[in-house]
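*Asks:* First, the structure itself, so that you have it in front of you.
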Amino acid sequence: MATKSVAKEAEEILLATEMIRLGARLQVLQAETNLSYDRLARLYREIKGCSPPKGMLPFSVDWFMTWLPNIHSSLFYSVYKYMDTYTPAKKAHALVEAYRMYLEQASAGRPDGADDEPVLSFTRAWMLVRFFDSNMLQLSTCTRCKGGFVAHAHDPQGDFVCAICRPPPRAGKTRARKSSPDDDAAIIPQAASKAVGPRAAGQRAARPSGTLSG
Ligand SMILES: [Zn+2]
């Protein structure tokens with residue numbers, strides 16, 4: 001620890017600061033920088049004015065397969081991949097840049113001042129990249145719109161149709177996301193058969209559509 005570069009540390013503090021502003025959890029900062037837990041926690045409190053939340057990160061691949069999260073995640077990951085491949089921004093920096101761009105796109109068309117939580121949080125976006133890096137996910141090309149969409153790795157792609165071209169019947173029926181954010185997550189049919197455990201699939205798929213109107 002004696003010979004730690006000050007410039008490198010300054011760079012990491014800047015990166016951590018940006019990530020905290022975008023909503024990163026402490027575990028994300030620990031993974032992406034070499035700063036100590038204490039320094040990161042202090043930085044977090046300085047920026048956010050409160051202690052970092054405790055508890056586990058949201059660890060679910062299936063979340064990315066539900067209808068609306070799938071669309072948002074696919075948009076984000078396509079931007080991320082472009083950034084990481086074709087611009088000087090790599091890895092964590094590509095993540096920050098891509099997430100900023102995602103926020104811009106996700107809020108486009110919404111009334112000013114509507115500060116709903118974004119569908120894809122920064123921490124989830126980071127998890128998504130990790131899942132791709134560990135080959136648990138792939139981008140499947142939609143046979144209709146030719147867009148790339150987040151799918152389970154090794155899912156057959158031959159007749160893949162995305163969540164925009166073939167939305168589930170309930171899609172867009174509810175605007176009441178605030179009451180229970182998880183409720184408007186309809187499982188994409190192709191993903192449901194393979195990826196989702198019978199309990200979750202049954203629970204969500206069997207919910208009558210009428211209960212969510214509002
Ligand atoms: Zn499509």
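The values are calculated or read from the model by the stated rules, or taken from the named source; none is laboratory data. All figures in this text were calculated on a predicted structure; none of them were measured in a lab. Cβ atoms come from the backbone with ideal geometry, glycine included; neighbour counts cover every protein chain shown.
*Asks:* K90 is checked against (1) within 16 Å of the ligand (Cβ to nearest atom); (2) without any contact (Cβ under 8 Å) to a residue 24 or more places away in the chain and fails just one. What number does that condition carry?
*Replies:* Tallying (1) within 16 Å of the ligand (Cβ to nearest atom); (2) without any contact (Cβ under 8 Å) to a residue 24 or more places away in the chain, K90 fails exactly one: (1).
*Asks:* To continue, here is another question. Based on what the data block shows, is V28 in the same structural domain as R170 (by TED's automatic domain parsing), touching a residue at least 24 places away in the same chain (Cβ under 8 Å) and not hydroxyl-bearing (S, T, Y)?
*Replies:* Numbers: in the same structural domain as R170 (by TED's automatic domain parsing): no; touching a residue at least 24 places away in the same chain (Cβ under 8 Å): yes; not hydroxyl-bearing (S, T, Y): yes.
Answer is no for this residue.
*Asks:* Another one. Taking P88 as meeting all but one of (1) assigned by TED's automatic domain parsing to the domain that holds H152; (2) under 21 Å from the mean Cα position of the chain (by Cα), write down the number of the exception.
*Replies:* (2) is the only condition that P88 fails.
*Asks:* So which helices (runs of 4 or more DSSP H) stay within the range 22-132 end to end and still have 1 or more residues that are surrounded by 15 or more Cβ atoms within 10 Å (Cβ to Cβ) and touching an Asp or Glu at 6+ places or on another chain (Cβ under 7 Å)?
*Replies:* Numbers: elements: 26-32, 37-48, 67-86, 91-107.
In the range 22-132, 67-86, 91-107 are the helices (runs of 4 or more DSSP H) which contain 1 or more residues that are surrounded by 15 or more Cβ atoms within 10 Å (Cβ to Cβ) and touching an Asp or Glu at 6+ places or on another chain (Cβ under 7 Å).
*Asks:* Here's another thing I want to ask about it. For the range 32-44, state whether one or more residues are in the same structural domain as T141 (by TED's automatic domain parsing) and of a type in the set (D, E). If you could, list the steps in order and put the result at the bottom.
*Replies:* The initial filter retains those residues of the range 32-44 that are in the same structural domain as T141 (by TED's automatic domain parsing), namely none.
Looking for residues that are in the same structural domain as T141 (by TED's automatic domain parsing) and of a type in the set (D, E), one finds none in the range 32-44, hence no.
*Asks:* Please verify whether K173 is at pLDDT 50 or above, farther than 24 Å from V79 by Cβ and outside any strand (DSSP E or B), treating the condition exactly as stated. Write out each step before concluding.
*Replies:* Values: at pLDDT 50 or above: yes; farther than 24 Å from V79 by Cβ: yes; outside any strand (DSSP E or B): yes.
Spelling it out, K173 is indeed at pLDDT 50 or above, farther than 24 Å from V79 by Cβ and outside any strand (DSSP E or B).
*Asks:* Looking only at the range 139-169, which residues are within 12 Å of the ligand (Cβ to nearest atom), closer than 15 Å to K81 by Cβ and among the β-branched types (V, I, T)?
*Replies:* The one that is within 12 Å of the ligand (Cβ to nearest atom), closer than 15 Å to K81 by Cβ and among the β-branched types (V, I, T): T141.
*Asks:* Of everything in the range 58-93, what is more than 11 Å from A125 (Cβ to Cβ) and of a type in the set (A, V, I, L, M, F, W, C)? Give them in sequence order.
*Replies:* Within the range 58-93, F59, V61, W63, M65, W67, L68, I71, M83, A89, A92 qualify.
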